[in-house]
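Comments concern the structure below.
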Amino acid sequence: MISSRTIHNIALIGFMGTGKSSVGRLTADALRFTFLDTDTVIEARAGKSINDIFLDEGEPAFREWERRIVEELTRRKRTVIATGGGLPADASNLASLKTHALVVCLWASPETIWERVRAHGHRPLLNESDPLAKIRELLAVREPYYRQADVLVNTEMRSLREVAQQLLHQFHMAQAAPR
């Protein structure tokens with residue numbers, strides 16, 4: 001329920017390749033907010049790439065980094081936050097984001113996601129013999145968490161600007177909701 005919350009930020013959740021970083025930057029610029037990508041913060045603090053964190057320390061260590069960053073975000077205001085694709089699968093992360101942010105899930109089909117990320121070598125969860133099958137598998141696991149967002153926005157067949165405009169509209173509506 002959005003009306004009983006004080007919303008200072010926008011948090012973008014969703015699978016890799018749905019446009020969280022690109023749309024997040026456009027939205028932050030339009031609102032004159034800070035843009036923060038949780039993966040970028042983790043890489044800076046860990047002193048290594050996410051791929052290397054996965055290789056050297058494993059996924060549980062990466063998820064712990066995410067948990068710590070999300071905890072810090074509760075003190076932020078006027079920020080558009082792009083999260084890693086698996087971050088909301090931890091219910092405490094999602095609950096924490098909802099204390100201060102309008103949580104928006106960006107959505108696309110497995111095929112669209114694969115087309116968007118296939119040339120990226122920095123996607124450790126897709127280092128598989130059948131990456132499209134892995135995308136389908138991960139989406140199936142994460143979908144129940146993604147659906148808990150305040151707003152779901154399909155990014156297929158829409159420009160980044162159109163998606164950003166939708167986010168701005170949803171944010172302004174949430175800000176105007178009676179408390």
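The values are calculated or read from the model by the stated rules, or taken from the named source; none is laboratory data. Predicted model, so just to flag it, every value in this text is computed and none were measured. Every residue, glycine among them, receives a Cβ derived from its backbone with ideal geometry; neighbour counts consider all protein chains shown. These area figures cover heavy atoms from the full protein model, side chains too; ligands, DNA and RNA do not enter into them. Shrake-Rupley method; radii C 1.70, N 1.55, O 1.52, S 1.80 Å.
The figures follow:
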item	result
Charge dipole of the range 1-73 about the Cα centre (unit charges at C-beta), most positive-ward option of 55, 14, 33	33
Rh (Kirkwood; distinct C-alpha pairs) - the range 24-130, Å	15.1 Å
For the range 65-115: rounded, prolate or oblate by the Cα gyration tensor [a/c cutoff 1.5]	prolate
For the range 89-179: rounded, prolate or oblate by the Cα gyration tensor [a/c cutoff 1.5]	oblate
Shape box of the range 136-179 [Cα atoms, principal axes, largest first, Å]	38, 29, 8
Residue 99-residue 176 pseudo-label distance in nm [points 7 Å out on the Cα-to-Cβ vector]	3.0 nm
Lysine pair count for the chain [Cα-Cα under 22 Å; pairs on different chains or 8 or more apart]	5
At least 18 Å along the helix axis (C-alpha) and Kyte average at least -0.5, DSSP helices within the chain	131-146, 160-176
Relative contact order (%) - the chain, alpha-carbon pairs under 8 angstrom, separation at least six	37 percent
Alpha-carbon centroid distance for the pair the range 34-56 / the range 154-171, whole angstrom	26 Å
Prolate/oblate/rounded call for the range 5-48, Cα gyration tensor, a/c under 1.5 rounded	prolate
Nitroxide proxy distance, nm - points 7 Å out along Cα→Cβ at residue 52 and residue 157	4.3 nm
Heavy atoms of residue 109: accessible area, 1.4 Å probe, square angstrom to 10	30 Å²
Residue-averaged 222 nm ellipticity for the chain, from DSSP H runs of 4+ at -39500 (n - 2.57), nearest 500	-16000 deg cm²/dmol
